[in-house]
Amino acid sequence: MGRHHQLRRVADLTLIIVASPLWVPVLLALALAVVVTSGRPILFIQDRVGQHGNTFAMRKFRSMKNGNNPLIPDPDRITGIGTILRRTSLDELPQLLNVLEGSMSLVGPRPMLPPQVAELTATQRGRLTVLPGLTGLAQINGRNDLTWEQRFSYDLEWARNPSLSSYAMILAKTASTVISGDGVTGHDADDRFAQAVTDIANLDLAALQLDDEHRRVAPLFGEHAA
């Protein structure tokens, strides 16, 4: 497994460096487009769970107002440029920086949020034995149209046999998947993995609202007002 990991790491770096004349100008142009149309911040950075359960900061282009990006976003809060970025999957392009730093690979299971990982069974946690990826078997076989169980089946298939031949095949098929936009929509809001994150987001929102209420009321009653 160690040798295969090293070979994929070499392949990741080689492909990224060779293709840098293509993706670097696009990255810079999109960053400028986000600033001009939506202001700052340019990137949305979120903790995700990677290989062996280690948490890392995953990067995306910001596609929503106020820098927020919940799992099931309010469509009215997606910016104009954000709609294009999501439809074309170009919002994921900054994750090439994650690949360069070694927290992700070009190919692997998509990284999950910590509350989602907490919902995994012992078997499903097998997807954490490999680096998460920009694309993977699930992404070329239905993407978000798949149920979570179907996605995990593909993730585990890759984790058990992350060969270079599969690596090359997945990258080759990813281009047509991105162009077609198949499976770009999100999961149903009632699945337990989406709900786990929604519950956390609702608790965070309630805390922010209480904190804001405290700031408005405190001056009326003194600094120790609760």
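The values are calculated or read from the model by the stated rules, or taken from the named source; none is laboratory data. Fair warning: this is a prediction, and the values are worked out from it, not measured in the lab. FYI the Cβ positions are ideal-geometry reconstructions off the backbone, even for glycines, and counts take in every protein chain you see.
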* **Condition met for VAL10 (over 17 Å from LEU93 (Cα atoms) and over 17 Å from the mean Cα position of the chain (by Cα))** => yes
* To do: Output the number of the condition that ARG125 fails; it satisfies all remaining conditions of (1) under 18 Å from the mean Cα position of the chain (by Cα); (2) at pLDDT below 95; (3) of a type in the set (D, E, K, R).
  => (2)
* Is it the case that some residue within the stretch 126-135 is in contact with a Pro (Cβ under 9 Å, 6 or more places away or on another chain), part of a helix (DSSP H, G or I) and buried (at least 22 other Cβ atoms within 10 Å of the Cβ)? -> yes
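For (1) farther than 23 Å from ASP155 by Cα; (2) modelled with pLDDT under 95; (3) among the hydrophobic types (A, V, I, L, M, F, W, C), each residue gets a yes or a no:
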| site | (1), (2), (3) |
| --- | --- |
| LEU27 | yes, no, yes |
| ALA33 | yes, yes, yes |
| LEU100 | no, no, yes |
| LEU106 | no, no, yes |
